[in-house]
Amino acid sequence: MVTNYISNKISDGRARDQVQAYVANMLELQAQAIRSAQQYEDNVVRKRVVDHAPDQVREFRIGDWVVYKWRGGRPTKLSVEWRGPFRVVKRESSTIYWIEDPADLKQYKRHIRELFAYKMGLTDNPTAVIAMDEVEHLVDFIVDHQCGDRKKRSTWSFRVRWQGCGEEEDTWLPFSRVNPLAAFDAYLQEHPELGMG
């Protein structure tokens, strides 16, 4: 896609080839940086995950910290392998647990086979740790919205301001990505016309 754009905009063949080589090199460097960051994060989390053999009986107590892997694999190439840490808040049965996101206090039901104990350090801030793999701690606030069809939330998009960034780096995200964010809850209070309050 980028190379097509370059081909259409640069008529001088030699200059076009140089720009294409430069862009290809930058894309490869970006891919290497993403792979390195993911590998580092995965290694850090892996050292804190208490792995259990498949035949080992395991259970969690209320207040324990756990992580789990994405269902169906990572949603994007920038996503990390592990989600969490989450705090165990309820045991529904011998195999079903309720866990809570320390960032937005939302709760999720998970099967014990999905959960792995996470060794939280005594001085660790869980919301800072979870920021490694969650978008929500990078979003400062929501700036604006567009509703394609008022009745179909899948057509809604929201412009977000990233922490530490200016408006030139704002990004439009779909409803599904902003819905779980604490920043979205604050935005809904300011915009009752969205009818979700």
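The values are calculated or read from the model by the stated rules, or taken from the named source; none is laboratory data. What you see is a predicted model, and the numbers here were worked out from it, not measured in a lab. Neighbour counts run over all protein chains shown; Cβ positions are idealised from the backbone, glycine included.
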Residues in the stretch 129-153 that are at pLDDT below 85 and outside any helix (DSSP H, G or I): how many?
11
The one condition in (1) over 27 Å from Asp64 (Cα atoms); (2) at pLDDT 85 or above; (3) in a strand (DSSP E or B) that Tyr108 fails to fulfil:
(1)
Of all residues making up the stretch 1-45, the number that are modelled with pLDDT of 65 or more and in contact with a strand residue (DSSP E or B) (Cβ under 8 Å, 6 or more places away or on another chain):
0
Residues (over 26 Å from Pro102 (Cα atoms) and either within 15 Å of the chain's Cα centre (by Cα) or not in a helix (DSSP H, G or I) (or both)) located in the stretch 154-187
Ser154, Thr155, Trp156, Gly166
Given the conditions (1) closer than 26 Å to Tyr108 by Cβ; (2) free of Cβ contacts under 8 Å to residues at least 24 places away in the same chain, which single one is not true for Pro180?
(2)
